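Right, one structure below, let's go through it.
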Amino acid sequence: MPKQTKPILLYDGECGVCRSVAHWVEKSARSKSGEISLILIPNGDDPEALKLINPNLNIWDVYATNYLIMPDASMKAGGEAVAEVFRILPNTKWFAGCFAFSIFGYRPFQMMLNLGYAILDDVRPVFGCESCGTPSIWVRPFAATAKWLSSTFGPRRGTEVAPKLTSRKASPRRSSSKPDIIPK
């Protein structure tokens, strides 16, 4: 395998949320000259392919969280990977330094990013992602509500089939008999 020169972001290719974010990252990773600063790879079903990227990768861990493999073979996961992606992308470099800001040994912005990532990780199944598993216990009421709303109000707008309209002449004729009158 050739020497890795760019970071590799592994994401869940079956998750709609991960695919949307990966699409945004892919667009943002292109410089004005067209060069890509980051390689995106959906994790897929092949654990051996992951072992070629990094021998310490486990396919189940990769499905559970996003990983960023750096050119020096170090790995970052979850919120740490997100912060590093922000540092790499040309249009987000300007604010990515806040994640390294430290007060008394604590990085408050990184801690908030880690918390946000953990919440998004728990909420992904609510958005209909089957590969993300079942929602956590605190998310289940929201998932049940979303499922109820979907079943009550039907499919999203624009997905239903339009009714076939026919002319009045082509529609079946009503019988001319009078309806039965029920005495009171």
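The values are calculated or read from the model by the stated rules, or taken from the named source; none is laboratory data. Not measured: the values here are computed from a predicted model. Because the Cβ atoms are built from the backbone with ideal geometry, glycine has one as well, and the counts that use them run over all protein chains shown.
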Report, by residue number, each residue of the range 1-53 that is charged (D, E, K, R), within 20 Å of the chain's Cα centre (by Cα) and farther than 23 Å from Pro90 by Cα. Asp12, Glu14, Asp45
Restricting the search to the range 46-93, which residues are among the small types (Gly, Ala, Ser), without any contact (Cβ under 8 Å) to a residue 12 or more places away in the chain and over 28 Å from Met112 (Cβ atoms)? Ala49
Does Ser33 satisfy being over 25 Å from Phe109 (Cα atoms) and either touching a Lys or Arg at 6+ places or on another chain (Cβ under 7 Å) or polar (S, T, N, Q) (or both)? yes
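Yes or no, residue by residue, for (1) polar (S, T, N, Q); (2) crowded, with 16+ Cβ neighbours inside 10 Å; (3) in contact with a strand residue (DSSP E or B) (Cβ under 9 Å, 6 or more places away or on another chain):
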| site | (1), (2), (3) |
| --- | --- |
| Ser28 | yes, yes, no |
| Asp46 | no, no, no |
| Asn56 | yes, no, yes |
| Tyr67 | no, yes, yes |
Give me the residue from the range 99-125 that is in contact with a Pro (Cβ under 9 Å, 6 or more places away or on another chain) and surrounded by 15 or more Cβ atoms within 10 Å (Cβ to Cβ) and, out of that set, farthest from Ala81 (Cα to Cα). Pro125
Any residue in the range 110-131 that's at pLDDT below 75: show its pairings with residues that are of a type in the set (S, T, N, Q) at Cβ separation under 7 Å, as long as the two are six or more apart or on different chains. Asp122/Ser136; Pro125/Thr134
Would you pick out the residues in the range 1-45 that are assigned to a loop (DSSP other than H, G, I, E, B), touching a helix residue (DSSP H, G or I) at 6+ places or on another chain (Cβ under 7 Å) and either in contact (Cβ under 8 Å) with a residue 60 or more places away in the chain or among the acidic types (Asp, Glu) (or both)? Pro7, Asp12, Glu14, Cys15
Residue in the range 72-80 that is in contact with a helix residue (DSSP H, G or I) (Cβ under 6 Å, 6 or more places away or on another chain), modelled with pLDDT under 85 and not basic (Lys, Arg) present: no
